[in-house]
Amino acid sequence: MHENEVRATVGQVERLVAGQCPEWAHLPVTALPGDVEGTDHVLFRIGDELVARMPKIGWAVDQAERDARWLPGLARRLPVRIPVPVFVGEPGAGFPWRWSVVPWIAGGTPQRLGCDDLGLARDLAAFAGALHGIDSSGGPVRPAGSRGTPLRHADESVRRALAGLAGHDDGFAVAAAEAAWDEVLATPEWAGDPVWIHGDLQPGNLIVEDGRLRAVIDWGALGVGDPAPDLAAALWTFTGAARAAYREALGYDDATWRRACGWALAPSLTGIGYYRHTFPRMAEHGRRMVRAAIDELS
C-alpha cells in the first residue's frame, strides 16, 4: 500500500508479546485478513479478546502513545465503546516502533461505500456531539494540514493532486472539483473554541451490532480543532436521508458544512492517485466522495 511500509509478522508479534507481556504468551497470535486492514496499521488477534496494532508507516508511529494518553479520559464520557489501549509495547524483535494492544470489539462495519441508515446516522451524531462537548483544554493540536486545522494548509497538496488527476477519467470533471475546492477555501475558518474530533468517522472505523453503533475505533486523527472533519462523516459514511439526518442532528452552520465538504474533498483528491493501484477500494471511495462534495456545493 505504501512504498516504505514496515509490516510486522506473526512471529515478531509472538516474540514481542512473550518478551514484554508474558501473561499473554500462551495465547495464539493470528493476522487479521487484509480486507479489515486500514492504511496505517497491521492488525493481529491475540487470543479471543485482544488485538495488537502494529504501525506500518512512519506517520502512524505516535498513535500508540497518543491513544494511551487521551483515550482513557474520553472513554468515560462517550456513549459507545472506544479501544482504550491495555498495553503499549516497545520496539524489539526487529520491529522498529512502539505498538499497542487494545480490546477486541466484536461486531461488523457498515457498508463501506455509503449507507442510508437513519438509526446509525443518529447514533453516530450522538457520539460525535458527545465527543465535541467534552472539555478540550490542553488537548493535542495537530500539525498544520491535519484534520481539524484550517483547510488552507492542505491547498498545496490538493492543487498538486488536481494536476495529477487531469489525465484520468475518475468519473468527475477535474475543473468541477477545483471549483468546489475554491469554494471551500473561501469559507470562513472555524472561529469557535477547539473541540475534540475523531477525524476519520468512516465506515471501517464504526462497529455496529444489531443495527446500532457499538464502538468507534482507529483514533489516528485524534486532536482538537475545527469540528468540520467529523461533520464530513455525512459524506464519508451516509447517503440519502441518513446524510441529511446526520448533518441536521449535529446542527452546525452552513460554513461548517462547506468546510466538511472540504474535508471530504482534500483526502479524496490526494488519495485517488496515491491509492489508484495499491488500494483500489480506497481510490473508489475517494471518487465517490469527490462526486458527492461537488453535488453538495453546486
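Summary of computed values
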read-out: Dipole magnitude (debye, nearest 20) for the chain, charges at Cβ of Lys, Arg, Asp, Glu; value: 320
read-out: Estimated translational D of segment 10-103 in µm²/s (Stokes, Kirkwood radius over Cα pairs; 4 °C; 1.567 mPa s); value: 95
read-out: The chain, helix-only ellipticity at 222 nm - DSSP H runs n ≥ 4, -39,500 (n - 2.57), divided by all residues, nearest 500; value: -12500 deg cm²/dmol
read-out: The chain - percent relative contact order, Cα under 8 Å, separation 6 or more; value: 18
read-out: FRET E, pair Arg212, Asp62, Förster distance 35 Å, beta-carbon r, rounded to 0.05; value: 0.65
read-out: Distant-in-sequence amide H partners of Gly89 (H built 1.01 Å from N, under 5 Å); value: Trp99, Ser100, Val101
read-out: Computed FRET value (nearest 0.05) for Asp182 with Arg69, which takes r as the C-beta separation and R₀ as 35 Å; value: 0.40
read-out: Descending Cα extents along the principal axes, the chain, whole Å; value: 58, 42, 37
read-out: Amide H partners (placed H, <5 Å) of Cys115, local residues excluded; value: Phe238, Thr239
read-out: Fraction of beta bridges assigned by DSSP in the chain that are antiparallel (%, nearest 5); value: 90
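Quick note: the coordinates plus some simple rules give every number you see, no bench work behind them. This is a predicted model, so every value here is computed, not measured. Neighbour counts are summed over all protein chains in view; Cβ atoms, including those assigned to glycine, are modelled from backbone coordinates with ideal geometry.
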